[in-house]
Amino acid sequence: MVPLAIGIDIGTSGARSVAIRPDFSIAAHSALALERFGANGRDPAVWWEAIAATLAELLKCIDRAAVRAIAVDGTSGTLLPVDGVGRPLAEPLMYNDKVLDHAILAAIARVAPESSAAHGATSGLAKALQFQPLPGVVKVLHQADWIAAQFSGRFDVSDENNALKTGYDAEARRWPDWIAATGMRMDLLPDVVAPGTVAGRLTPSAADLFGLPRDVAVVAGTTDGCASFLATGATAVGDGVTALGSSLTIKILSDRPISAPRYGIYSHRLGDAWLAGGASNSGGKVLAQHFSLARIIELSAAIDPETQTGLDYYPLSTAGERFPIADPALPPRLEPRPASETDYLKAMLEGIAAIEGLGYQRLAELGAPKLTSVRSVGGGAANAAWTAIRRRKLGVDFLPALSDEAAAGTARLALAGASEAGLLL
Ligand SMILES: Nc1ncnc2c1ncn2[C@@H]1O[C@H](COP(=O)(O)OP(=O)(O)O)[C@@H](O)[C@H]1O
Ligand SMILES: O=C(CO)[C@H](O)[C@H](O)COP(=O)(O)O
């Protein structure tokens, strides 16, 4: 029997599961939209129902007895407060929710080192501080921690990637002392382990619910952004991954951390390597505001990527940018508007490609390794004209992604944990 490892991804719109073999080949996958399970995408019960359903679908296609490990990734920066048995005590604050309490933001700004990813209104630490006064709160968890806890029963553990924006020091590998100076109760923060570490085993009730063996390992997962990178199969220093989804996220595999919150740049730790990058507010969401998907595809077929419109757009849906320019007031630039719709779309694609180029350039200026290749994931990766525009601008090899499913990247972590624990023998 070939052993299997399962990765589970809970994203903004859906839940997905992937089972992989030890050679990383995909044995099965399953995806379900969150909205099928309720209108409120921020309800943890909806997350769990969607995940349980996608996992049940997946398990119909594989030999359950072959499953050795499960790991979970979730949206980076989504947090929720729980009581002593893991029950949510308030509606979660999602990755893009802002904390508006000036005292909280000022406390972080006063004591957090300049390089920390915990600055800003959407940071995990700001959200943890907002949840802290709730009666009965025992832990503040990230979305992936809470889902993993449904399998392991451990409502007290996180991973180094999810913990980064909550202030975790990934270089020193601990919660830094300055966090207490923000007023944060340290006992509310989960223990942190490296992604790919065995954090527990399935509870008997979870094993029975899914018909899985009781010794299946629950392995520490990661964020959605890191999971997408891992899924591509990129492993060499200098490999870049651009995610062209609703937003534009870029990451480069680096031998050193690069942190510059003034540009929205941070680094996730993966073993002894680092995923340096950031996420822009530009991306497919802006395109979708102006064109239907069918129209994007139709117009794109008429684009000549070898010529340039000469327009200098900065496509945003509303004012405000995080990376590679961190400016909450940056206005969208989508003018002048050409007569041809094809040129209008082309100018937007060029503008987003320019933001991608600036992102990789900023990383290089800050000491990241030279970009040697780019793999593309997300809805926009399928657009051939856009790919040609981007390839010309970046001037590096464009390589195929092994998978563009974040869950496949997280399954690699589950596999690593199973291997480390000797469960693949
Ligand atoms: N062929 C295409 N060309 C350009 N953009 C596309 C194309 N197909 C999808 N998109 C964009 O990709 C986005 C969806 O990508 P996806 O990776 O599913 O996003 P999400 O980040 O929401 O998971 C949409 O905003 C859409 O505008
Ligand atoms: O915007 C997001 C929501 O899907 C992503 O979580 C974010 O862009 C990526 O964060 P990270 O690099 O920490 O994984």
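Would you mind checking LYS139/LYS251; LYS98/LYS139; LYS60/LYS285; LYS165/LYS370 for any pair whose Cα atoms are more than 28 angstrom apart? List each step's numbers first, then the result.
Working: LYS139/LYS251 30 Å; LYS98/LYS139 20 Å; LYS60/LYS285 34 Å; LYS165/LYS370 26 Å.
The pairs that break the limit, which is 28 Å between Cα atoms, are LYS139/LYS251; LYS60/LYS285.
Roughly speaking, what is the stretch gain from GLU114 to THR307, that is 0.36 nm per residue apart minus the C-alpha to C-alpha distance, in nm to one decimal?
65.3 nm
Over the chain, one equal point on each Cα, no solvent: what is log10 I(q)/I(0) by the Debye formula at q = 0.11, 0.14 Å⁻¹?
The computed values of log10 I(q)/I(0) come out as -0.81, -1.29.
Arrange the peptides 405-412, 232-239 so that the one whose residues have, on average, the most other Cβ atoms within 10 Å appears first.
With the highest mean Cβ count within 10 Å placed first, the list reads 405-412, 232-239.
Quick one: Cα centre-to-centre distance for region 150-215 and region 315-362, in angstrom?
That distance is 37 Å.
Kirkwood Rh, region 1-118, all Cα pairs: how many Å?
Answer for region 1-118: a Kirkwood hydrodynamic radius of 16.6 Å.
Under 1.5 on a/c is rounded, so check that first for region 296-367, then, if it is not, pick prolate when a/b is larger than b/c and oblate when it is not; a ≥ b ≥ c are the square roots of the alpha carbon gyration tensor eigenvalues.
oblate
Tell me, what is the percent relative contact order of the chain, built from C-alpha pairs under 8 Å that lie six or more residues apart?
Reported as a whole number, the value is 18 percent.
Report the calculated FRET efficiency for LEU209 and GLU420 (r = Cβ-Cβ distance, R0 = 35 Å), to the nearest 0.05.
Rounded to the nearest 0.05, the efficiency is 0.85.
May I have the convex hull volume per residue, in Å³, for the Cα set of region 236-399?
Per residue, the Cα convex hull of region 236-399 comes to 100 Å³.
Sequence gap at least 6, Cα distance under 8 Å: using those rules, report the relative contact order of region 236-399 to the nearest whole percent.
29 percent
Among GLY310, GLY271, GLY221, which one shows the highest mean-square fluctuation when the chain is modelled as a Gaussian network with alpha-carbon springs under 10 Å?
Most flexible of the set in this elastic network: GLY310.
For region 232-304, state the semi-axes of the equivalent ellipsoid (square roots of 5 times the eigenvalues of the alpha-carbon gyration tensor), sorted largest first and rounded to whole angstrom.
Details: eigenvalues 189, 43, 15 Å².
Output for region 232-304: semi-axes of 31, 15, 9 Å.
Could you please rank TRP274, TRP175, placing first whichever residue has the fewest other Cβ atoms within 10 Å of its Cβ? Walk me through the intermediate numbers first.
Details: TRP274 25, TRP175 19.
Arranged by neighbour count, lowest to highest, TRP274, TRP175 become TRP175, TRP274.
Using modelled amide H (1.01 Å from N, peptide plane; none on Pro or chain starts), what sits under 5 Å from the amide H of ASP169, excluding residues fewer than 5 places away?
HN-HN under 5 Å from ASP169: ARG174, TRP175.
Once amide H atoms are placed 1.01 Å from N in the peptide plane, what residues at a sequence separation of 5 or more from ASP83, or on another chain, have their amide H within under 5 Å of its amide H?
Answer set, sorted by chain and number: LEU89, VAL138.
Sum -39500 (n - 2.57) across every DSSP H segment of at least 4 residues in the chain, then divide by the residue count to get the 222 nm mean residue ellipticity, nearest 500.
-9500 deg cm²/dmol
Using a Förster distance of 41 Å, how high is the FRET efficiency between ARG173 and THR372, based on the Cβ-Cβ distance and rounded to 0.05?
Between ARG173 and THR372 the formula returns 0.90.
Once the Cα gyration tensor of region 59-218 is diagonalised, what are the square roots of 5 times its eigenvalues, in whole Å and ordered largest first, as equivalent ellipsoid semi-axes?
Result for region 59-218: semi-axes of 31, 16, 13 Å.
What three numbers, in Å, describe the spread of the alpha carbons of region 324-421 along their principal axes, ordered from the longest?
Per principal axis, max minus min of the Cα coordinates gives 61, 30, 28 Å.
Measure out, as a whole number of angstrom, how far apart the alpha-carbon centroids of region 247-262 and region 45-118 sit.
If we compute the Cα centre of each part, the gap is 21 Å.
Considering the zone a paramagnetic label at ASP397 would reach in this model (a point 7 Å from Cα along the Cα-to-Cβ line), which residues of region 367-391 have amide N under 11 Å from it?
372-374
Tell me which residues come under 5 Å, amide H to amide H, from PHE323 once H is placed; ignore anything under 5 positions away on its chain.
Close amide H contacts, sequence-distant or interchain: ASN281.
How big is D for region 119-185, in µm² s⁻¹ as a whole number, if Stokes-Einstein is applied with the Kirkwood radius of its Cα pairs at 37 °C and 0.692 mPa s?
259 µm²/s
A short reminder: the numbers here are calculations on the coordinates, not readings from a lab. On a predicted model such as this, the values are computed, not experimentally measured, just so you know. Virtual Cβ from ideal backbone geometry, glycine too; neighbours counted across all protein chains shown.
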